[in-house]
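**Q** Here it is, the structure, as structure tokens.
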Amino acid sequence: MRIEYTGLAEMRGSLIALEGVTGVNYDEVAEISLEDGSRRHGRVILIDGDKVVLQVFEGTEGIDMETVNTHFTGKPVTIALSREILGRIFDGAGRPIDGLSGVFPDERRDINGSPINPVSRQYPRSCILTGISAIDATATLIRGQKLPIFSGAGMAHNELAAQIVRQARVLGENEEFAIVFCAMGVKNDTAEFFKKDFQESGAQGRVVSFLNLASDPIIERILAPRCALTAAEYLAFRHGYHVLVVMTDMTSYCEALREYSSSKGEIPSRKGYPSYMYSDLASIYERAGMIRGLPGSVTLMPLLTMPGDDISHPVPDLTGYITEGQIVLSRELEQKGIYPPIAILPSLSRLMKDGVGEGFTREDHAELANQLFASYSAVSDARSLASVIGEDELSTIDRKYIEFGERFEREFINQGMYEDRSLEETLDLGWRLLSILPRSELGRVSDEILNRYLPRG
């Protein structure tokens, strides 16, 4: 029996409230019928006795509180899925915006997903290469990992995201690979940049894009990462794809969550964000992983901007507790004209040790990464000393470290926005730069590896 409720008790912003409602569940979808025959959709966000609050996806403009009819469908928010989604562009709610027809669904899935049973999780192994030396060599991305990118406002994080989407690949020749890209709260010109870049580079055919604009309702910003991850889970665990999910900007998502929480009248917590933001972010990040017995994987790279470049801000702070490392962009390197401005020392991949080396990448990879990190760390000490006593007073070895640091930043970290380096090129470049230093300074590498890979002369 179809039950419709006529009239509203309250309307505020994109929220509407009904009274005398029974048998409704949290997150349930409702159809809202207007007097002119048009329909809108909403999601149940609050149940208080017989009072129900809905978030209207399309906004509340033009809704007459006296005549509007509301029907609860008994279903959560779902998204249509098939392999046809590859190459398509959707809005934050999963509706096509590329001018093509709707997706003929193989199935429809609840966007909230199902948590992976910890017992069924497979430990991540093997890597996903990005073609970016600073990531592939020293903070390698492992399949099934959650590896965020911390950026400052106005830095080239969108360009970096696009480059990762263009260049990312898995090592196995017979492995199916796809990318799910999700942009939240972006301006129109930024969305156009992503669309044009993916199409012109030829990457669009393997990418599923979800684009939520700054002008779109905030509820779509809440739904967008869940739609993206649902699509990724479908491709990974139904069709065996290794899926890389790139999301930008999680800070924009968290700001929408703060606004969403405020509109419900919830008591704010740290910096105005809701007290449940940690668990909300965890419900997104923890959907990445591998499942024992299934061939596919979901790997997550969320990008987030740090307000005031403050890494202790709630968004990067809570993200760091949930994820397995971080890649940090440096304002100082960017000011030197270095792209991508990846700060090597604060960046790390906690799962890297289990996905590189012999049998995965190259036998020298792990030792080379350790040595590059140690040597670049010594550069900081040499530069600090030079700032006190002057570079002319430095010892020979300190001057070698200064030279190594300059060349490491200009030749290794710095690379073109459209420069795709193979892993072999990256590792060989690392060894050439280490040859600047005396062999006695390369204590993190075994003699066997040094003899095999360190250039002579």
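**Q** Please enumerate the residues belonging to segment 60-109 that are surrounded by fewer than 19 Cβ atoms within 10 Å (Cβ to Cβ), small (G, A, S) and in contact (Cβ under 8 Å) with a residue 60 or more places away in the chain.
**A** The answer is G87, and nothing else.
**Q** Looking only at residues that are touching a residue at least 60 places away in the same chain (Cβ under 8 Å) and in contact with an Asp or Glu (Cβ under 9 Å, 6 or more places away or on another chain) in segment 30-54, which one is farthest from T230 (Cα to Cα)?
**A** V53
**Q** What number goes with the only condition from (1) buried (at least 16 other Cβ atoms within 10 Å of the Cβ); (2) free of Cβ contacts under 8 Å to residues at least 60 places away in the same chain; (3) among the aromatic types (F, W, Y) that F57 does not pass?
**A** Just one mismatch for F57, condition (2).
**Q** Can we say E448 is within 38 Å of the chain's Cα centre (by Cα) and not aromatic (F, W, Y)?
**A** no
**Q** Among the residues of segment 11-29, what is the count of those that are crowded, with 19+ Cβ neighbours inside 10 Å and without any contact (Cβ under 8 Å) to a residue 24 or more places away in the chain?
**A** Residues in segment 11-29 being crowded, with 19+ Cβ neighbours inside 10 Å and without any contact (Cβ under 8 Å) to a residue 24 or more places away in the chain: 0 in total.
**Q** Okay, moving on. Restricting attention to segment 169-191, which residues are closer than 19 Å to H242 by Cβ and either modelled with pLDDT under 95 or over 16 Å from the mean Cα position of the chain (by Cα) (or both)?
**A** Within segment 169-191, the subset closer than 19 Å to H242 by Cβ is 169-182.
Hits for segment 169-191 are R169, V170, L171, G172, E173, N174, E175, E176, F177.
**Q** Can you pull out every residue in segment 161-175 that is more than 23 Å from K195 (Cα to Cα) and either in a helix (DSSP H, G or I) or not aliphatic (A, V, I, L, M) (or both)?
**A** Across segment 161-175, the qualifying residues are G172, E173, N174, E175.
**Q** Related question: Among what's in segment 205-223 and is assigned to a helix (DSSP H, G or I) and not acidic (D, E), pick the residue that is surrounded by the fewest Cβ atoms within 10 Å (Cβ to Cβ). Walk me through it before giving the result.
**A** The initial filter retains those residues of segment 205-223 that are assigned to a helix (DSSP H, G or I), namely 205-206, 218-223.
With the extra rule that they be not acidic (D, E), the set shrinks to 205-206, 218-219, 221-223.
Details: G205: 10, R206: 19, I218: 24, I219: 26, R221: 24, I222: 22, L223: 26.
Result: G205.
**Q** I would also like to ask the following. Tell me, yes or no, whether segment 254-267 has at least one residue that is within 17 Å of E176 (Cα to Cα), more than 19 Å from the chain's Cα centre (by Cα), in the same structural domain as R109 (by TED's automatic domain parsing) and not in a helix (DSSP H, G or I).
**A** No.
**Q** Oh, and also: Have a look at A178, A203, A156 and point out the one that is among the aliphatic types (A, V, I, L, M), closer than 24 Å to A343 by Cβ and out of contact with any Gly (no Cβ under 6 Å at 6 or more places or on another chain). I'd like the intermediate steps shown before the answer.
**A** Working: A178 fails: closer than 24 Å to A343 by Cβ; A203 fails: closer than 24 Å to A343 by Cβ.
Residue meeting the stated conditions: A156.
**Q** Regarding segment 307-317, can at least one residue be identified that is in the same structural domain as G240 (by TED's automatic domain parsing), within 25 Å of N117 (Cα to Cα) and aliphatic (A, V, I, L, M)?
**A** First pass over segment 307-317, keeping only residues in the same structural domain as G240 (by TED's automatic domain parsing): 307-317.
Cutting the leftovers down to within 25 Å of N117 (Cα to Cα) gives us none.
Looking for residues that are in the same structural domain as G240 (by TED's automatic domain parsing), within 25 Å of N117 (Cα to Cα) and aliphatic (A, V, I, L, M), one finds none in segment 307-317, hence no.
**Q** For S33, are the conditions met, namely being modelled with pLDDT of 90 or more and over 28 Å from I179 (Cα atoms)?
**A** So S33 fits the description; yes.
**Q** Moving on to the next point. Regarding F193, is this residue hydrophobic (A, V, I, L, M, F, W, C), outside any helix (DSSP H, G or I) and closer than 30 Å to E332 by Cβ?
**A** On the way: hydrophobic (A, V, I, L, M, F, W, C): yes; outside any helix (DSSP H, G or I): no; closer than 30 Å to E332 by Cβ: yes.
When the stated conditions are applied, F193 does not pass them.
**Q** Still on this structure, please answer the following. Considering only residues that are in contact with a Leu (Cβ under 9 Å, 6 or more places away or on another chain) and assigned to a strand (DSSP E or B), look in segment 80-92 and name the one that is nearest to R39 (Cα to Cα).
**A** F90
**Q** While we're here: Mind listing just one residue for me: the one in segment 225-253 that is aromatic (F, W, Y) and over 12 Å from F177 (Cβ atoms) and, of those, surrounded by the fewest Cβ atoms within 10 Å (Cβ to Cβ)?
**A** Applying the filter and picking the extreme gives F237.
Residue by residue, here is whether (1) in contact with an Asp or Glu (Cβ under 6 Å, 6 or more places away or on another chain); (2) of a type outside the set (S, T, Y); (3) under 20 Å from I79 (Cβ atoms); (4) in a loop (DSSP other than H, G, I, E, B) holds:
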| position | (1), (2), (3), (4) |
| --- | --- |
| P225 | no, yes, yes, no |
| A231 | no, yes, yes, no |
| Y234 | no, no, yes, no |
| V246 | no, yes, yes, no |
| A282 | no, yes, no, no |
| G293 | no, yes, no, yes |
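**Q** Could you list, in sequence order, all residues of segment 240-296 that are of a type in the set (A, V, I, L, M) and under 24 Å from S215 (Cα atoms)?
**A** If the condition is that a residue be of a type in the set (A, V, I, L, M) and under 24 Å from S215 (Cα atoms), then V245, V246, M247, M250, A256, L257, M277, L281, I284 are the ones that fit.
**Q** Regarding segment 343-362, can at least one residue be identified that is over 15 Å from G405 (Cα atoms), of a type in the set (D, E, K, R) and assigned to a helix (DSSP H, G or I)?
**A** Yes, because at least one residue in segment 343-362 is over 15 Å from G405 (Cα atoms), of a type in the set (D, E, K, R) and assigned to a helix (DSSP H, G or I).
The values are calculated or read from the model by the stated rules, or taken from the named source; none is laboratory data. Everything numeric here is computed off the predicted structure, so don't read it as measured data. All Cβ positions, even for glycine, are placed from backbone atoms using ideal geometry, and neighbour counts span all protein chains on display.
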